[in-house]
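> For reference, the structure I am asking about is given below.
The values are calculated or read from the model by the stated rules, or taken from the named source; none is laboratory data. Worth saying up front: this structure is predicted, and the values here are computed from it rather than measured. Quick reminder, even Gly has a Cβ in these numbers, built from the backbone with ideal geometry, and neighbours come from all protein chains shown.
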Amino acid sequence: MSRLSDGSRFSFGADEFVFVELTEEMSLEQTLRVIAITTDLRGAAVTGVTDICPAHVSYMLRLDPLVIDPRQLVEHLEHAHDRCGQTSDLVIRSRLIELPVFYDDPWTRETVMRFRDRHQSSDLNDLEYCAAENGFSDVQGLIDAHSGAPFIATFIGFMPGNAESYQLVPRESQLQAPKYLRPRTDTPARALGHGGAFTTIYPVRGAGGFQLLGRSAVPVFDPHHRLDDFEAKIVLPRAGDIFKYRPIGMEEYWEIRAQVKEGRYRYTMHETSFDLAGFKADPRLHNQRLLEVLG
Amino acid sequence: MIAVGAPGLFSTIQDRGRPGYYAMGVPPSGALDSFAHEVSNALVGNRREAATIECTFAGPTLTFDEFAIVAITGAAAEVYLDGMRVPMWMSQVVRANQTLEFRRIATGARSYVAVRGGVAVPSLMGSRSTYVASGLGGQKGRPLVAGDTLDVGDLVLPGSTPRGGVDLPESLIPSYADAVEIRVVPGLCDYRLTPQAIDDLYSTPYTVTTEANRTGYRLAGKPLDFTPRTAPFGAGDDPSNVVNLGYPVGSIQVPSGTELICLLRDAVTGGGYATVGTIISVDLDVIAQAKSPDVVHFVPVSVDQAIAARADRESVIRRIFEEVLC
């Protein structure tokens, strides 16, 4: 097993990829360090490296092996890891984005009940199951917890638009849920799913294994740039983005859907920064200050 | 212009792929058998970035409204031009209003149709390749359907001439066997497997199942055991689970230790299962021509061998492109 001097493990994905894992377990410190290291590597602009892909506690580089030997990259990795040391006082630039979510919506409710044979529970729906698993007496308790504190995007991947996000609460308050025993073959587009300690919004209709809690009224993937906020890109999320899920009901869901379909929806989005030390010192106060701008 | 009659089973526009967006969750896509794709372009005198039509199992029927040069490579197919059998791996003259018809693919899984000038669908994020799962690129982000019309571009090699009869030396034409060796660089998270499982992976045969497409191939064979452990926080309880991480193109994963999944050029870019090794880039072409119930033997190789194979392949392709100008 090969390691960098700071203990991070690395391995070659044949001739085109280098995989680096800082730790095996999830922690925000490591996520922020991954963001810092991969940002540093992007700045280094090593010739032959085509893709720099941060994940929760690991990252990956893709390269053209006829331009650079993957083994030569190890030296660059050492330097980047050196420059971005083990520290808990990292501050990263971020965006705060509010996403309107219809929790306990009819579409995901209908979908999940079609797949009870692949699920841990034969009679509860996903929301009811997750509420019970996390010690809430009813689904509203889970919805309040999920929508009460923001999430930070810690892994952009799987498919375009997908952003696995981790809630900004202490570890002991994390909502956790197992993935389906066998993945569903169907998920509505924009469904809000939770698996392990991570939440995502499914960019398009398709297979999936996360527990479905609701449905976002707004897209995270817009291949045809129909909305102004997708002018430069086809996906909404970036690593380090902070999402606040705002519960909405049926009436507002349809109002927002109309705005999206007519191309006039604008995301509530603010430039901000995420300060890990501040968060760890007092999560509640930190989130309160972070969310002030949303009113 | 090319008019699509019967679309074939799953025919998509592909080129050399769309690098640079993996971190956005966008896989490179591109021709699954890159060698066959590149050779088809060379035979018609195209530049290497030209797009071709990738045909799966059953190819399309294509009618040309004007003079064209085409070449068909890859999986051995019965192809007819207005009823006359057309040889593969050789450029062909097509006259206005002639129809190219695929009847069946005998060995291999994917054939490529290059037309001189390239298929001129709009370029998206630097590539004409189709990524169907997200509806990106190619012909409207989807496989060809009856009634589609495709424009022909102008990506020809300077100095090349439009002519038929340009062929590939027999010795360079790959054969697509029903039992293949696939070279793998062990690593990534294979420390999670037991020593016995690593031994089994490289010494027992795996069979291609019917769940095999551009995103990945599922293979059935001996189940692989993971070393028991207390799951790291955020990983999930199954022994094959890890905190979600990036999946290289070509990586092999074993959800719950039962079926192997090899990711190809339309890979999902990450997920929560331990990856246990990566198919070398050159052999992605080989697995792309396998179909159920073909048999795969995985052979462990070093990074050096993977790079050497890649360099050899590149020099062969360059030579083929130089030859067509002679």
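> Taking A:Leu61 as meeting all but one of (1) within 22 Å of A:Leu90 (Cβ to Cβ); (2) more than 7 Å from chain B (Cβ to nearest Cβ); (3) assigned to a loop (DSSP other than H, G, I, E, B), write down the number of the exception.
For A:Leu61, the failing item is (3).
> A follow-up question, please. So if I check each of A:Arg257, A:Arg246, A:Arg205, A:Arg215, which one is surrounded by fewer than 20 Cβ atoms within 10 Å (Cβ to Cβ), touching a Pro at 6+ places or on another chain (Cβ under 7 Å) and modelled with pLDDT of 95 or more? First the steps, then the outcome.
Details: A:Arg257 fails: touching a Pro at 6+ places or on another chain (Cβ under 7 Å); A:Arg205 fails: modelled with pLDDT of 95 or more; A:Arg215 fails: surrounded by fewer than 20 Cβ atoms within 10 Å (Cβ to Cβ).
Among A:Arg257, A:Arg246, A:Arg205, A:Arg215, only A:Arg246 is surrounded by fewer than 20 Cβ atoms within 10 Å (Cβ to Cβ), touching a Pro at 6+ places or on another chain (Cβ under 7 Å) and modelled with pLDDT of 95 or more.
> If I ask for residues that are out of contact with any Gly (no Cβ under 6 Å at 6 or more places or on another chain) and outside any loop (DSSP other than H, G, I, E, B), which ones from the range B:112-126 would you list?
B:Val113, B:Ala114, B:Val115, B:Val119
A quick yes/no check of all residues on (1) buried (at least 21 other Cβ atoms within 10 Å of the Cβ); (2) among the small types (Gly, Ala, Ser); (3) within 23 Å of A:Trp254 (Cβ to Cβ):
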position: A:Thr187; (1), (2), (3): yes, no, yes
position: A:Thr200; (1), (2), (3): yes, no, no
position: A:Gln211; (1), (2), (3): yes, no, no
position: A:Phe221; (1), (2), (3): yes, no, yes
position: A:His224; (1), (2), (3): no, no, yes
position: A:Ile242; (1), (2), (3): yes, no, no
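> For the range A:19-41, what are the residues that are at the interface with another protein chain (Cβ under 9 Å from one of its Cβ atoms) and either assigned to a helix (DSSP H, G or I) or of a type in the set (Val, Ile, Thr) (or both)? Talk me through it step by step, then tell me what you get.
As a first pass, look at the range A:19-41 and keep what is at the interface with another protein chain (Cβ under 9 Å from one of its Cβ atoms): A:19, A:21, A:23-27, A:38.
Selection gives A:Thr23, A:Thr38.
> OK, next. Among the residues of the range B:301-309, is any crowded, with 20+ Cβ neighbours inside 10 Å, out of contact with any strand residue (DSSP E or B) (no Cβ under 6 Å at 6 or more places or on another chain) and either away from every other protein chain (no Cβ under 11 Å) or assigned to a helix (DSSP H, G or I) (or both)?
yes
> Here is a further query. Where in the range A:203-295 are there helices (runs of 4 or more DSSP H), lying fully within it, with 1 or more residues that are basic (Lys, Arg) and closer than 28 Å to A:Asp126 by Cα?
A:250-261, A:283-291
> Of all residues in the range B:136-150, count the ones that are outside any loop (DSSP other than H, G, I, E, B) and surrounded by 18 or more Cβ atoms within 10 Å (Cβ to Cβ). Spell out the reasoning first.
First, pick out the residues of the range B:136-150 that are outside any loop (DSSP other than H, G, I, E, B): B:136, B:149-150.
Now restrict to residues that are surrounded by 18 or more Cβ atoms within 10 Å (Cβ to Cβ): B:136, B:150.
Summing the residues that are outside any loop (DSSP other than H, G, I, E, B) and surrounded by 18 or more Cβ atoms within 10 Å (Cβ to Cβ) in the range B:136-150 gives 2.
> Checking A:Arg171 against (1) crowded, with 21+ Cβ neighbours inside 10 Å; (2) within 13 Å of chain B (Cβ to nearest Cβ), which test does it fail?
Every listed condition holds for A:Arg171 apart from (1).
> Which residue is farthest from the chain's Cα centre (by Cα), if the candidates are limited to the range A:6-18 and must be at the interface with another protein chain (Cβ under 10 Å from one of its Cβ atoms) and acidic (Asp, Glu)?
Let us first name the residues in the range A:6-18 that are at the interface with another protein chain (Cβ under 10 Å from one of its Cβ atoms), namely A:9-18.
Add one more test, that the residue is acidic (Asp, Glu), and what stays is A:15-16.
Details: A:Asp15: 29, A:Glu16: 25 Å.
Going through the qualifying residues, I end up with A:Asp15.
> Sticking with this structure for a sec: Only one of A:Thr50, A:Thr31 is of a type in the set (Val, Ile, Thr) and in contact with a Lys or Arg (Cβ under 8 Å, 6 or more places away or on another chain); which?
Numbers: A:Thr31 fails: in contact with a Lys or Arg (Cβ under 8 Å, 6 or more places away or on another chain).
Exactly one of A:Thr50, A:Thr31 is of a type in the set (Val, Ile, Thr) and in contact with a Lys or Arg (Cβ under 8 Å, 6 or more places away or on another chain), namely A:Thr50.
> Continuing with the same structure: Could you check the range A:88-124 and list, in sequence order, the residues that are over 20 Å from A:Ala153 (Cα atoms) and in a loop (DSSP other than H, G, I, E, B)?
Those that are over 20 Å from A:Ala153 (Cα atoms) and in a loop (DSSP other than H, G, I, E, B): A:Asp104, A:Asp105, A:Arg114, A:Phe115, A:His119, A:Gln120, A:Ser121, A:Ser122, A:Asp123, A:Leu124.
> Considering A:Thr39, A:Thr50, A:Thr108, which residue is under 30 Å from A:Val139 (Cα atoms) and hydroxyl-bearing (Ser, Thr, Tyr)? Even if it seems obvious, please write down each step before you answer.
Details: A:Thr39 fails: under 30 Å from A:Val139 (Cα atoms); A:Thr50 fails: under 30 Å from A:Val139 (Cα atoms).
Just one listed residue meets the conditions, A:Thr108.
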